[in-house]
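Down below is the structure, laid out as C-alpha cells.
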C-alpha cells in the first residue's frame, strides 16, 4: 500500500515539475506570437453609385451664312431676322460713287431683313485715318453686335482691330483686312488676271502684234494696301507672260512704266500728263487703273494734252461704279472688272446676321466678278 502511494506521489511531482511549466511556457509563447501577427480581416462592401454627366451641346441656329445668303439673293429674308439687332457701318468715303453704292446696298438689305433704322449706325471715314479712329470710338460707345469697317489704311485698321477686341465689338472688314476678324471683299489676284487677259487679247486683236504696243502703264498705289496693289501686279504678271520683257518695267528692254501712289483721278491726271509730256512719240498705250476715278483721270489728261484717240488707248479699270458705267458705255474704258458695289449688302448683311445668331462667319467672303465691256454692259446694267 505504501509502495503504491509512493509511486503515485512521485509521478505527480514529476508532472508538476516538468510538464506543467512547459505547458504554461507554450501557452505564453503562443499569446506573444498572436499579438505580433494580428489577423487582417478584409470587408467587402458593394456600393451603388449614380453618375450624372453633363454634356454641353453647341446650339446652332438655322440662320447660317449660306442660308442667309440665299435669302439675300432671292430678296426675301424669311422672318424679320435683323429686328432688334444692332449694326454699325463706317464707310470709306461717302462722297465717292463706289462707296455710296456700298452704303446703299447695306441700308437696303438691312431694311429687307427687318432691321430698324434706329439700330443701324452709319459713319463716314472720309478717306481719313484720323476720322476712322474717331468714328471707331463712337462705334464702341454704341455697342453694336457687329461693326462693318470700310477703311483703306492697313495700319489704322490694325489699331481699330485691337481696340475693337478690347471693347468686345465684332468686326467684319470690308475690302481691307482687320487683323483677327473676317474679310469681305475682292479676290484681287483673280481680278488682276481677268484684267490682264482682257487687255492682252484686245491689244493683239486690234493692233496685231506686241511690237505695235508703244507703252504699258501700270498705275499702282502701294500705299493703298497689299491686297489692292495685287490688282495691278497680277496684271503685270499676265502681260509679262504674254509679251515678255517689254511688259516688265524692271527689264532693260521694257516698254512699261509703273508709277506709284495713283489712287485718285487727280493723281492719275497729273501722272499721265507728265508721262505724255516726256514721251511725245508714243501712240498706242495700255493703261491699268485701280478704279474708275483713276480711269477718268487718265482720259482727262489725254484730252487736255491733245493725245486722245480711242483707237490708240486701251484703258482697263476695276470696280465699275455709276461713273464707270458711263465711261464704259462711251468707249473711254475698254473693259472693267466689275465688283458690283451695289451688291456688297447682299454679302455683308448675311455675314453680320450669321454672327448675331451665334453661327460661324467665313474668314474670307469674296464677291463674284465679271469683265464688263461696251459689248456686254447692257446685260448687267440694262
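The values are calculated or read from the model by the stated rules, or taken from the named source; none is laboratory data. Computed from a prediction, not measured in an experiment: that's the story for all the values here. All Cβ positions, even for glycine, are placed from backbone atoms using ideal geometry, and neighbour counts span all protein chains on display.
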Discussion item. Exactly one of these conditions fails for residue 197: (1) over 27 Å from residue 354 (Cα atoms); (2) in contact (Cβ under 8 Å) with a residue 60 or more places away in the chain; (3) in contact with a helix residue (DSSP H, G or I) (Cβ under 7 Å, 6 or more places away or on another chain). Give me its number.
Written reply: (2)
Worksheet item: Would a scan of the range 187-203 turn up a residue that is closer than 21 Å to residue 351 by Cα and in a helix (DSSP H, G or I)?
Response: yes
Fill in: Meets criteria (touching a residue at least 24 places away in the same chain (Cβ under 8 Å) and within 27 Å of residue 367 (Cβ to Cβ)) for residue 291
yes
Discussion item. Tell me whether the range 305-317 contains one or more residues that are surrounded by fewer than 20 Cβ atoms within 10 Å (Cβ to Cβ), modelled with pLDDT of 95 or more and under 30 Å from residue 183 (Cβ atoms).
Written reply: no
Practice prompt. Only one of these is in the same structural domain as residue 316 (by TED's automatic domain parsing), touching a helix residue (DSSP H, G or I) at 6+ places or on another chain (Cβ under 6 Å), over 23 Å from residue 339 (Cα atoms) and not in a helix (DSSP H, G or I): 240, 251. Name it.
Written response: 251
Practice prompt. Report, by residue number, each residue of the range 162-192 that is surrounded by fewer than 19 Cβ atoms within 10 Å (Cβ to Cβ) and more than 19 Å from residue 341 (Cβ to Cβ).
Written response: 162, 163, 165, 166, 167, 168, 170, 179, 180, 189
Fill in: Those residues of the range 271-288 which are without any contact (Cβ under 8 Å) to a residue 40 or more places away in the chain and either closer than 22 Å to residue 235 by Cβ or within 32 Å of the chain's Cα centre (by Cα) (or both), in sequence order
274, 276
Discussion item. Take residue 220 and tell me if it is modelled with pLDDT under 95 and not assigned by TED's automatic domain parsing to the domain that holds residue 347.
Written reply: yes
